[in-house]
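All remarks here apply to the structure that follows.
The values are calculated or read from the model by the stated rules, or taken from the named source; none is laboratory data. Since the structure is predicted, the reported quantities are computational estimates derived from the model, not experimental observations. Counting neighbours? That spans all protein chains shown, and the Cβs are built from the backbone with ideal geometry, glycine included. Please note that ligands, DNA and RNA were not included when accessible areas were found on the heavy atoms of the full protein model with its side chains. Shrake-Rupley method; radii C 1.70, N 1.55, O 1.52, S 1.80 Å.
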Amino acid sequence: MKTDERHRTIADILRRQPEASVEELMQACAASGATIRRDLEVLAGHGVLRRVHGGARSLIGHGVNPGYGQRELEDREAKGRIAVAVARLLADREHVWLDSGSTATAVARALAGRDVTLMPMSLQALNAAAEGDGGAGPRPALLLPGGSVVPGELCFRGPLAESNIRSLRFDTAVVTPCAVDFRDGLLAHDLEDAAIKRAGLESAARVVLAASASKWEASARVLVAGLDRVDVIVTDRKFSTQDKAEFDKYSVEVVSV
């Protein structure tokens with residue numbers, strides 16, 4: 001098993017149970033004790049777990065949003081496909097507002113060689129959009145929203161960020177909610193995040209919702225906006241006939257990846 005596969009396996013185990021021993025992880029990953037211990041040190045450094053004697057402890061409490069390090073390991077392939085599809089929806093020289101989170105970072109990475117003006121809402125997305133070979137090709141023009149930076153998440157929050165977002169007009173807002181469903185629409189885990197998301201979508205002519213299938217099964221408590229505010233949904237979720245009928249009520253385009 002490759003390193004990234006082991007990391008995803010360990011993260012998945014600790015998402016389902018509060019603790020795991022080194023011996024348990026050795027069996028699950030078919031790896032030596034020394035390898036597992038190195039993996040645990042790396043994952044602890046990224047905020048995925050807490051290292052304890054003889055194993056590791058999950059950092060996810062009941063109803064708590066997993067940390068960025070945990071989320072970055074999950075649904076990577078799906079998020080990559082979603083990011084590519086979102087990038088294809090954006091025209092050159094568009095002004096784009098980009099939400100925070102691991103899916104947003106994947107979108108920023110897909111836009112690294114594009115001629116767009118981008119306001120990313122996290123330092124991870126900012127760095128991903130700035131990546132490149134340093135050649136003469138197109139690169140995004142980056143706008144920073146200001147405000148405070150949340151430790152661990154490294155996302156921008158607060159009244160200053162919200163005010164700066166609302167002072168601009170974007171062609172497209174790419175929103176990555178913490179959860180989404182047909183009844184409530186887009187949701188966030190806290191009031192500050194919801195306020196930032198709301199400012200972004202209300203400042204844009206078009207709203208693109210980017211969400212992996214797991215977001216449709218997730219739980220969050222703070223309302224951001226209903227599905228009637230969304231123009232395009234990009235997701236890997238497979239929808240039933242009943243689901244598709246729900247979308248007809250909102251005249252929303254669904255891009256499946």
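The rows are residues; the columns are (1) buried (at least 23 other Cβ atoms within 10 Å of the Cβ); (2) at pLDDT 95 or above; (3) out of contact with any His (no Cβ under 7 Å at 6 or more places or on another chain).
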site: LEU118; (1), (2), (3): yes, yes, yes
site: GLN124; (1), (2), (3): no, no, yes
site: GLU153; (1), (2), (3): no, no, yes
site: ASP171; (1), (2), (3): no, yes, no
site: ASP181; (1), (2), (3): no, no, yes
site: ASP184; (1), (2), (3): no, no, yes
site: LEU191; (1), (2), (3): no, no, yes
**Report entry** When residues of the stretch 17-54 are limited to those that are modelled with pLDDT of 85 or more and either basic (Lys, Arg) or on the phi > 0 side of the Ramachandran plot (or both), the one most open to solvent (accessible area, probe 1.4 Å)
**Finding:** ARG38
**Report entry** Pair list, Cβ < 9 Å and 6+ apart or interchain, from the stretch 14-43 residues that are in contact (Cβ under 8 Å) with a residue 40 or more places away in the chain to residues that are of a type in the set (Asp, Glu) and open to solvent by 10 Å² or more (accessible area, probe 1.4 Å)
**Finding:** ARG15/GLU74
Requested in this report: Tell me the strands (runs of 3 or more DSSP E) entirely within the stretch 197-257 that contain at least 1 residues that are open to solvent by 20 Å² or more (accessible area, probe 1.4 Å) and of a type in the set (Ser, Thr, Tyr).
Outcome: 253-256
Requested in this report: Kindly list, by first and then second residue, each pair from a residue in the stretch 140-169 that is assigned to a helix (DSSP H, G or I) to a residue that is open to solvent by 30 Å² or more (accessible area, probe 1.4 Å), limited to pairs with Cβ atoms under 7 Å and residues at least 6 apart or on different chains.
Outcome: LEU160/GLY147; ALA161/GLY147
**Report entry** Pairs with Cβ under 6 Å, 6+ apart, first in the stretch 207-232 and more than 25 Å from ARG76 (Cβ to Cβ), second charged (D, E, K, R) and assigned to a strand (DSSP E or B)
**Finding:** ASP231/ARG206
Query - Only listed residue being over 20 Å from SER100 (Cβ atoms) and in contact (Cβ under 8 Å) with a residue 24 or more places away in the chain, chosen from LYS238, LYS249 - result: LYS238
Report task. Kindly indicate whether GLU162 is in contact with a helix residue (DSSP H, G or I) (Cβ under 9 Å, 6 or more places away or on another chain), farther than 15 Å from VAL208 by Cβ, at pLDDT below 95 and buried (at least 19 other Cβ atoms within 10 Å of the Cβ). Result -> no
Requested in this report: Residue by residue through the stretch 93-120, note down the ones that are closer than 19 Å to GLU202 by Cα, among the aliphatic types (A, V, I, L, M) and either touching a residue at least 40 places away in the same chain (Cβ under 8 Å) or assigned to a helix (DSSP H, G or I) (or both).
Outcome: VAL96, LEU98, ALA104, MET119
Query raised in the report: Mind checking which residues of the stretch 83-93 are open to solvent by 20 Å² or more (accessible area, probe 1.4 Å) and under 17 Å from VAL255 (Cβ atoms)?
Result: VAL84, ARG88, LEU89, ALA91
